[in-house]
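The values are calculated or read from the model by the stated rules, or taken from the named source; none is laboratory data. As the structure is a computational prediction, the values presented were derived from the model and not from experiment. So basically every Cβ, Gly included, is an ideal-geometry build from the backbone, and we count neighbours across all protein chains shown. Heads up: the accessible areas ignore ligands, DNA and RNA and are worked out on the full protein's heavy atoms, side chains in. Shrake-Rupley method; radii C 1.70, N 1.55, O 1.52, S 1.80 Å.
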Amino acid sequence: MKMKLCVAVERLPFSAPFRIAGHVFEYQDAVVATLEQDGRRGRGEACGVFYLGDTAAGMVAQIEEKRAAIEAGVDRAQLQQLLPPGGARNALDCALWELESWRSGSPVWQLAKLSAPQPLVTTFTLGAEDPQVMAAGARRYADARALKLKFSGDLPLDLARLRAVREVSPDVWLGVDANQAYRIEDLDTLVRELAAARVDLLEQPLARGHEAELESFASPVPLAADESALSLADVPGLVGRFQVINIKLDKCGGLTEGLAIAYAARARGLKVMVGNMMGSSLAMAPSFILGQLCDVVDLDGPTFLSRDRTPAVEYARGMIWCADAVWGAH
């Protein structure tokens, strides 16, 4: 059945600059795809993957190139073949999920054959700033049960950041995201210090393409693949190198493939994590559905924005909750 497609770019300003290894972000441009059919509407938001050059303009161009096929009545299975993994497919895939939800009168979690969702403990992220600035940030997250620290690859400075945060947050679950900033020769020292500080997860220590160097590396801290885990095709190559896969819908191209990755990872003995490329509550809602299958949840994107959508996901007592009213039939 034919559909009407609308594509818009919305700028999401941050409340303060956000720093990771090699980048500073002050805003995020999000692509919002809306599909209408028989008076029903489905929406999906994507921010793309900056390190792959997946820009808002590029995503819009990808979608517009396939407009005729989309409006002719594409379904989620066909979309997997129509567009490659990335932000453009994510926006459309999530729009199709919400449209199907409204057409069927069932919430998305039921369509995905999951149990009724529960609130999830989420990490709250501290950008790679001066150690005392990060410590102050940790103090502001007084209710957090889990924190994630961004590292820059400067080992002495990163360890100072770790110690400063651990001093003010001695009991929280703690993860570190290196964003590909380290080399294998520095990893022994890094993970030894992380283990001593009771860090629970180290995300993407080496650059994508260097995964084989981890085959003989015995880490006392579980390693999570992020940039090394872009899509379902990457999963087999992560076994024996990582213990956790960080699934992001902007990387893999939507909730449909995100769910497939989670099940494939579990089948291979890997744990699963859901993350985000920033975005509003509209982007977090489908990731929250995926989060019901995950061991680690990192869905704090809207907390960086100067304003969010209404209705919005809720953050309380270190947890995220997404009511059906945020996205899908309710």
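Before moving on, here are some points about what is shown:
- So A196, is it within 30 Å of A88 (Cβ to Cβ), among the aliphatic types (A, V, I, L, M) and at pLDDT 95 or above: no
- The condition (being open to solvent by less than 10 Å² (accessible area, probe 1.4 Å), over 19 Å from Q118 (Cα atoms) and of a type in the set (S, T, N, Q)) is satisfied by just one residue among S280, S287: S280.
- Considered as a group, the residues in region 235-262 that are touching a helix residue (DSSP H, G or I) at 6+ places or on another chain (Cβ under 8 Å) and assigned to a strand (DSSP E or B) include one that is nearest to P205 (Cα to Cα), and that residue is F242.
- Number of positions in region 264-304 that are over 11 Å from the mean Cα position of the chain (by Cα) and within 15 Å of L230 (Cα to Cα): 3
- Restricted to region 18-101, the set of helices (runs of 4 or more DSSP H) holding at least 2 residues that are under 20 Å from K251 (Cα atoms) and either open to solvent by less than 30 Å² (accessible area, probe 1.4 Å) or free of Cβ contacts under 8 Å to residues at least 60 places away in the same chain (or both) comprises 56-65, 76-82.
- Of the residues making up region 1-16, those that are assigned to a strand (DSSP E or B), modelled with pLDDT of 95 or more and either among the hydrophobic types (A, V, I, L, M, F, W, C) or open to solvent by less than 80 Å² (accessible area, probe 1.4 Å) (or both) number 9.
- Extreme residue, farthest from G153 (Cα to Cα), among residues of region 102-137 that are within 21 Å of the chain's Cα centre (by Cα) and among the β-branched types (V, I, T): V108
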